[in-house]
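Report on the structure given below.
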Amino acid sequence: MKQVFLFYVILLTGFFIYIELAEFDTKETIVAIVDTGIDPTHPILEGHVEKGYDFFNWDGDAMDDHGHGTHVASIIHSVAPNAKLLPVKTLGQDGSGIGTSFIGIFYSVVKGADIVNLSMSEVSNPFTSWVIRWGERKGVVFVGASGNDGRTDRISFPASLGEVIAIGGYNTYREHLYENGNRSGDVEFLAPGVLIEGASLGGEVVRKTGTSFAAGSVSGMLAYFKEIQPHMTNDDARFLLRLTSFYEKDGYRVLELDRFLATQ
């Protein structure tokens, strides 16, 4: 255990030195998507995807071979078409990771991301907790999916962290909570999460269900807000989201995404 800890400390320190010495263009609103990567050749996303990094295979090609990240990215793009999408691949072809999410989040922050979308879950760990707290202090806004285990006592990590805006799913077809979405007092907002249309591999468009896609729409909303309010903090983001939401009967704030899109 000590050897693993030392390895990560050395790796993160070296990576920090490299990033601090590099120069990055951060003039536009950038949304980092820590996920399975993004397919930049999809017609919906072509020209909007920045060069990211693959922390699963450790190379510079963050191409999606699963489909989840591409779907999330297209949802963000549909809400904030001017935002640049930064693919940060930490999950593989089967959707599982190898413990490098915290490095991907660190990379997102130093690469200049304004918003980091975390439509993923992992075992709670101090590395991810620390890097998110560090990023939040630097003004980065984090959005996380509550998870799809149907739990009512807790939500998934890292959405459970106070620095992350935790998003649950809402079924707009039946006008109630998404049944399989994790929900507890830690969920701050609900967004559409059932049969959400988005880009898929091979240039296709499909519909998927889950809190991941609810989180994606919120990241898109915040990217749009960021263009209007460049110095937006986590507190500002929560305030702006409250202005575009209403209370659902179970006490959760539901974001009115359709009304928001109609005003653009």
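The values are calculated or read from the model by the stated rules, or taken from the named source; none is laboratory data. Values in this document were obtained by computation on a predicted structure and should not be read as measured data. Please note: Cβ atoms are built from the backbone with ideal geometry, for glycine as well, and neighbour counts cover all protein chains shown.
For segment 177-236: of the residues being touching a Ser or Thr at 6+ places or on another chain (Cβ under 8 Å), of a type in the set (A, V, I, L, M) and assigned to a loop (DSSP other than H, G, I, E, B), which is farthest from G37 (Cα to Cα)? Looking at residues that are touching a Ser or Thr at 6+ places or on another chain (Cβ under 8 Å), of a type in the set (A, V, I, L, M) and assigned to a loop (DSSP other than H, G, I, E, B), I get V187.
For segment 221-257, the candidate set comprises residues that are without any contact (Cβ under 8 Å) to a residue 40 or more places away in the chain and among the hydrophobic types (A, V, I, L, M, F, W, C); within that set, the residue that is surrounded by the most Cβ atoms within 10 Å (Cβ to Cβ) is F225. Within the set D94, D35, D65, D61, the sole residue that is within 12 Å of the chain's Cα centre (by Cα) and closer than 19 Å to S200 by Cα turns out to be D35. Restricting the first member to segment 163-180 and to residues that are farther than 14 Å from R253 by Cβ, and the second to residues that are assigned to a loop (DSSP other than H, G, I, E, B) and not polar (S, T, N, Q), the beta-carbon pairs closer than 6 Å and six or more apart or on different chains are V164/P158; N171/Y178; N171/V194; Y178/G193; Y178/V194; N180/G150. Going by the structure shown, is R183 charged (D, E, K, R), over 22 Å from I115 (Cα atoms) and either at pLDDT below 90 or surrounded by 14 or more Cβ atoms within 10 Å (Cβ to Cβ) (or both)? Spelling it out, R183 is indeed charged (D, E, K, R), over 22 Å from I115 (Cα atoms) and either at pLDDT below 90 or surrounded by 14 or more Cβ atoms within 10 Å (Cβ to Cβ) (or both). Check segment 90-105 and report whether any residue there is over 25 Å from G181 (Cβ atoms) and buried (at least 18 other Cβ atoms within 10 Å of the Cβ). Within segment 90-105 (the criterion being over 25 Å from G181 (Cβ atoms) and buried (at least 18 other Cβ atoms within 10 Å of the Cβ)), the answer is yes, since at least one residue qualifies. Being at pLDDT below 95, out of contact with any strand residue (DSSP E or B) (no Cβ under 8 Å at 6 or more places or on another chain), under 23 Å from P81 (Cβ atoms) and among the hydrophobic types (A, V, I, L, M, F, W, C) narrows it down to one residue among F239, F260; which is it? Checking each option against the conditions leaves just F260. Condition (residue is in contact (Cβ under 8 Å) with a residue 12 or more places away in the chain, of a type in the set (S, T, N, Q) and within 26 Å of D236 (Cα to Cα)) applied to segment 127-139: is it met by at least one residue? For segment 127-139, residues in contact (Cβ under 8 Å) with a residue 12 or more places away in the chain, of a type in the set (S, T, N, Q) and within 26 Å of D236 (Cα to Cα): present.
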